[in-house]
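Below you'll find the structure, written out as structure tokens, and then a few comments.
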Amino acid sequence: MGDRFSDRQLNFLVLANVLVIAVAVVFAGETFLSLYNFQSMSAQVPELALLALGVMLAMIAGRGGIDLSGIALANLSGIVAYVLIRDWVSPDDQPLTFVWLFAGVALVVGILGGMINGVLIAFAGLTPIIATLGTQLFFTGIAVLITNGSAVSLGYIEPLDDFGNTPVLGVSLCFALFIAIAVVLGVVLRYTPFGLKLYLMGSNPKAARYAGIPHRRMLFLTYTACGLLASIAGIIIAARTSSVKWDYGTSYVLIAILIVVMAGVRPEGGYGRVLCVVLSATALQMLSSLFNFMDISNFFRDCAWGLLLLLFLAISRIDLRAFLPSRS
């Protein structure tokens, strides 16, 4: 029955993507289907979808798992990396070296931030929503302190700008990286002992405990992985916008949770598919692009995302099979 349910969710998301495209063509015309528009959307999907994958991992782990600190850590990763690296390497004289060092420092910051969440949740026993809300404020505070609350322009750094904005063979490089990460994560969750243990922890904590699964270490590794994904999102944000800012993507926490819930990930833990998260992210990105074409206010979008989140949370609590005729 679990496979059938996941197939229904996958079919629903495929249909949702098709419907959004159809509606977009009606309201925005054939311009929506242009190669340039799809390249633009594909460049915008990764930063949100990577944060959503982090939320998915936290939810799968159970215990009311969630990561609210993703976008704050993504912003902090980019800020710390740029502030440190600009004093070591000139982006004008050694742009490629600068980019690699920038990415390396950002990843380290993301891993450290994820480890802080992991320690608070796995070893200090804090509730995930409280712990990550606290670290969200902590990471944001550090970012504001470093930048004095201002945006920091990176300027034009050719390798970084190419990664964020220049398609190769018609495909955005940051989107290609995101797909590669999604594939690796999907394989890890489905075919490795770590993935099997994580699903068991979320679906049946008592059985996981009797099976000897080290739940503290698993939680620590899970939230560390969330931090790593957030830092990759931070690198992509810096590449796309050529700047780093402490309050970039203020609505991303809400949208990342919406993507995950819409993908059928169970808030109580134990279930989630990477492919569904990817399809959910693409559907919402196309819907956001349609709002741009229709010149709809950002305030309405936030309202729409909130309503959709409430709707899908309500649907996830309803067992639709109870309304279907039973087969004798």
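The values are calculated or read from the model by the stated rules, or taken from the named source; none is laboratory data. These figures come from a predicted structure and were not determined experimentally. Methodologically, a virtual Cβ is constructed for each residue, glycine included, from the backbone with ideal geometry; neighbour enumeration extends over all protein chains shown.
Comparison of Ile130, Ile146 shows that the only residue that is aliphatic (A, V, I, L, M), surrounded by fewer than 19 Cβ atoms within 10 Å (Cβ to Cβ), assigned to a helix (DSSP H, G or I) and in contact (Cβ under 8 Å) with a residue 60 or more places away in the chain is Ile146. Of the helices (runs of 4 or more DSSP H) entirely within segment 179-249, those holding at least 3 residues that are under 28 Å from Ser77 (Cα atoms), of a type outside the set (D, E, K, R) and in contact (Cβ under 8 Å) with a residue 12 or more places away in the chain occupy 215-241. For segment 114-132, the set of residues classified as of a type in the set (Gly, Ala, Ser) and touching a helix residue (DSSP H, G or I) at 6+ places or on another chain (Cβ under 7 Å) consists of Gly114, Gly118, Ala122, Ala131, listed by residue number.
All of (1) crowded, with 23+ Cβ neighbours inside 10 Å; (2) within 19 Å of Gly125 (Cβ to Cβ); (3) among the β-branched types (Val, Ile, Thr) hold for Ile213 with one exception: (1). Scoring Asp93 on the criteria (1) without any contact (Cβ under 8 Å) to a residue 40 or more places away in the chain; (2) touching a Phe, Trp or Tyr at 6+ places or on another chain (Cβ under 8 Å); (3) of a type in the set (D, E, K, R) leaves a single failure, condition (2). Inside segment 149-168, residues that are crowded, with 17+ Cβ neighbours inside 10 Å and either in a loop (DSSP other than H, G, I, E, B) or of a type in the set (A, V, I, L, M, F, W, C) (or both) make up a count of 5.
Within the group Val261, Val183, which residue is surrounded by fewer than 21 Cβ atoms within 10 Å (Cβ to Cβ) and of a type outside the set (D, E, K, R)?
Exactly one residue qualifies, and that residue is Val183.
From the list Thr132, Thr127, the lone residue that is over 24 Å from Pro46 (Cβ atoms), among the polar types (S, T, N, Q) and under 23 Å from the mean Cα position of the chain (by Cα) is Thr127. Against the numbered list (1) under 27 Å from Arg216 (Cβ atoms); (2) more than 21 Å from the chain's Cα centre (by Cα); (3) modelled with pLDDT under 95; (4) crowded, with 16+ Cβ neighbours inside 10 Å, Thr192 comes up short only at (4). Take the conditions over 14 Å from the mean Cα position of the chain (by Cα), farther than 30 Å from Ala143 by Cα and surrounded by 18 or more Cβ atoms within 10 Å (Cβ to Cβ) and apply them to Gln39. Does it pass? Against the criterion (over 14 Å from the mean Cα position of the chain (by Cα), farther than 30 Å from Ala143 by Cα and surrounded by 18 or more Cβ atoms within 10 Å (Cβ to Cβ)), Gln39 does not qualify. So Ile111 ticks every box in (1) farther than 25 Å from Val274 by Cβ; (2) aliphatic (A, V, I, L, M); (3) in contact with a helix residue (DSSP H, G or I) (Cβ under 8 Å, 6 or more places away or on another chain) but one. Which box is left unticked? Of (1) farther than 25 Å from Val274 by Cβ; (2) aliphatic (A, V, I, L, M); (3) in contact with a helix residue (DSSP H, G or I) (Cβ under 8 Å, 6 or more places away or on another chain), only one is false for Ile111: (1).
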